[in-house]
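Visitor: What follows is a single structure, and I will ask about it in a moment.
The values are calculated or read from the model by the stated rules, or taken from the named source; none is laboratory data. None of these values were measured; they are calculated from a predicted model. Positions of Cβ are generated from backbone atoms using ideal geometry, with glycine treated the same way; all protein chains shown enter the neighbour counts. The accessibility values were calculated without ligands, DNA or RNA, using every heavy atom of the protein model including side chains. Shrake-Rupley method; radii C 1.70, N 1.55, O 1.52, S 1.80 Å.
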Amino acid sequence: MLSGTWSRADIFRRALGAVCTLVLLSLAIGYSQYGPGLSAIMTGPAPNATVAATESTEPAPTPPTPSSSEAPSATPASSPTPSVTRTAPVKPPKGLPAGPGTTEPGILLMAAPDADGRFTMTELVRLAEPVTAVQLRPLNIQAAGPGLRGAKPIATDIELTADEQPVRLSRNRVSRPQSVTFDAPTAVFEVRYMLRRVTVRTPNSSPGRALGAIGPLVAGVPGDLPVDVVVMGRSVRNLGCPSSEMVRRPCASGQLPRLTVNRSLPHRTALVIVQLDLPRPQ
Amino acid sequence: MSPVLLEVALGLIRIVTYVGYVLLAGTFTFWSLVWPEGRSDRRLVRLAVIGTVLLVLGTFADPAIRVALGGQPLADVLTPVGGSALLVRLAALVATAFFLVDLIRSPITGGRRVFAVVVVAVIAGSMVVQSDAVGAPREVLAVVAISGHVLATAAWLGGLVALAAVLIPRDHLEELERLVPRFSLVALFSVIILLVTGIVDALVVAGGLTALVTSPYGLVVLIKIGVLAGMVLLGHFGRRYAARLAFRRVHQPAELVKNSRGAHNLALVMGTEVVIAVGILATTSMLVMVAPS
């Protein structure tokens, strides 16, 4: 292919082409290794906001979810985005599946829709390394597609528990990103809240048919942190997982009234569309 | 930006990327499998250059739109795998841009053929990695199906565009006897692969036959199949016209053949096929947007 007489311009062109190609290939390899860190550097650090711990909070109207009794790792870390290194296996809390959020680093996201299309949410979070801060960020509804146009997610009645100790929040509703700093490094915590304004009725469909979007409130964690999703309720019809290409694919498994997403989703794309049949007003 | 406008913008960029891929990969495949001597044809070189430019544009525009207009975090858009795939694609495009002059210096055989095939495979691979096949249920099956689909698209649609670019101006009618049978063989295999992989992918995406036939996604798949069938039918007529022309070329003066009604019909059929090919790419872009709920 490179036979024939080589002029200086040819040599320069080929050398430049080879160098550019090799640089891009090296960047590709580097990005596959350090991509998330690079992106985090480019987007800047999360803002800090300190909240104090308190003695008690009222119980939340959430499905019964036993708190994890696991203590944080002995090695504290200040980085809010630890790696997803697997830790030693632990027993899952009673009634909950083993996996991300219970026995492995990750999040177990549990949702139960009510008759008004709101979701009672519980997030069990287990990180590979303890952190001193975590970010709470409302759902990015853009990735849900046009079916949920008009939804404006807001999380209210937020309760945060770290290592079984309640954490008092300065604001217990989240409509824009906010940081929470723990008094002590923790790797295991639980968030309960009501997710509102995420359900939109589906026009030209069965009466009561609606779509809702759910996803983790906890942010500032590694983008590849696995998220398992469980949705409970007799009004639930199906689950769909939007992808990077904005296609919504059915991804439900299990039996009604308890459906799970059929695979762990990486945190960066953990958004699930719930198809609902909202009941008639009583 | 509203989600609808965002989807429209992303859909348009997808079409740009698909057209770029079809032009570049199709021309390279055409040179490699059908007409290695055609590397000196200026129209084909132009197709490869336009394809490269469109692919570079699509590669940069998609993440830029998602971040700038969609408000998605950069880390969400450029995932380690997705970002690496884009960089690998850019590397293949840069190599194409710098070495195309060397590639077309001699017939596309031997090392040149290997280079062309590797470029096509790398670009196709980068598209597969970014598709929803990765991470889908039955991942291996989905990835194999999408890979076959993407490569067969380059061979068939890209080859068709290249063939049309050569034959519609009626400058190379003397090549009819050689090109049409070779391309017909490539097209036949490609269509079979497209049908099989398309059905498999549609079933995997929809989550089963029932979900497929009852969803908007299934409707768009049906439209695409209809358009595809139209193209296959047109291809059949095209082959007939080409065979007649090739026969006349042997028995009649070249100028007479060039201005004959048969040559006109062949050009018309091929032009229509190319237009429908663009329709198929647009339908494919729609398929990515439509979701089975």
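Visitor: Ignoring ligands, DNA and RNA, what accessible area per residue does the range B:1-121 give at 1.4 Å, in Å²?
Guide: Working: 4370 Å² over 121 residues.
With all protein chains present, the range B:1-121 gives 36 Å² per residue.
Visitor: Mind checking the mean number of beta-carbon atoms from other chains within 10 Å of the Cβ atoms in B:97-104?
Guide: Values: counts 4, 9, 7, 1, 4, 8, 1, 0.
Shielding by partners across B:97-104 averages 4.
Visitor: If you don't mind, another one. Sorted by average packing, counted as other Cβ atoms within 10 angstrom per residue and highest first, what order do A:215-221, B:108-114 take?
Guide: Details: A:215-221: 24.3, B:108-114: 16.7.
Ranking the peptides A:215-221, B:108-114 by packing returns A:215-221, B:108-114.
Visitor: Provide the FRET efficiency to the nearest 0.05 for the residue B:178-residue B:278 pair, computing r from the beta carbons and using R0 = 25 Å.
Guide: Values: r = 27 Å, r/R0 = 1.08.
Plugging the Cβ-Cβ distance into 1/(1 + (r/R0)^6) gives 0.40.
Visitor: Sorted by average packing, counted as other Cβ atoms within 10 angstrom per residue and highest first, what order do A:21-29, A:155-163 take?
Guide: Working: A:21-29: 16.1, A:155-163: 20.7.
In descending order of packing, they fall as A:155-163, A:21-29.
Visitor: Next up: How much of the DSSP beta bridge set in the range A:106-277 is antiparallel, as a percent to the nearest 5? Before the final figure, lay out the partial values.
Guide: On the way: 59 of 64 bridges.
Here the antiparallel bridges make up roughly 90 percent for the range A:106-277.
Visitor: Could you look at the range A:106-277 and say what percent of its accessible area is carbon and sulfur, using a 1.4 Å probe and all protein chains? Don't jump to the answer; show the numbers that get you there.
Guide: Values: 2730 of 6160 Å².
After summing per-atom areas, the C and S share lands at 44 percent.
Visitor: While we're on this one: If one takes the accessible area of chain B alone plus chain A alone and subtracts that of the pair, with a 1.4 Å probe, what total in Å², rounded to the nearest 100, results? Each step should come with its number before you reach the end.
Guide: On the way: alone 14280 and 15810 Å², together 26040 Å².
Separately minus together, B and A give about 4000 Å² buried.
Visitor: If I model a spin label at residue B:40 and residue B:68 as a point 7 Å from the Cα along the Cα→Cβ vector, what separation in nanometres do I get?
Guide: Distance between label points: 4.4 nm.
Visitor: What is the average number of partner chain Cβ atoms found within 10 Å of a Cβ in A:260-270? Working shown, then result.
Guide: Numbers: counts 0, 0, 3, 4, 1, 1, 5, 1, 6, 3, 0.
Per residue, the average neighbour count from other chains is 2.
Visitor: Now a separate question. Quick one: if you stick a label point 7 Å off each Cα along the C-beta vector at residue B:192 and residue A:164, how many nm between them?
Guide: Label-label distance for residue B:192 and residue A:164, simple model: 6.6 nm.
Visitor: Give me the one-decimal nm value for the distance between modelled label points at residue B:222 and residue A:255, 7 Å along each residue's Cα-to-Cβ direction.
Guide: 3.4
Visitor: Could you report the range A:106-277's accessible area per residue, 1.4 Å probe, as an integer in Å²?
Guide: On the way: 6160 Å² over 172 residues.
Result: 36 Å² of accessible area for each residue.
Visitor: To continue, here is another question. At 0.36 nm per residue, and after removing the present C-alpha to C-alpha distance, how many nm does the segment from residue A:206 to residue A:173 gain when stretched out fully? Mind showing how you got there, number by number?
Guide: Working: separation 33, 0.36 × 33 = 11.88 nm, distance 3.28 nm.
Result: 8.6 nm gained on full extension.
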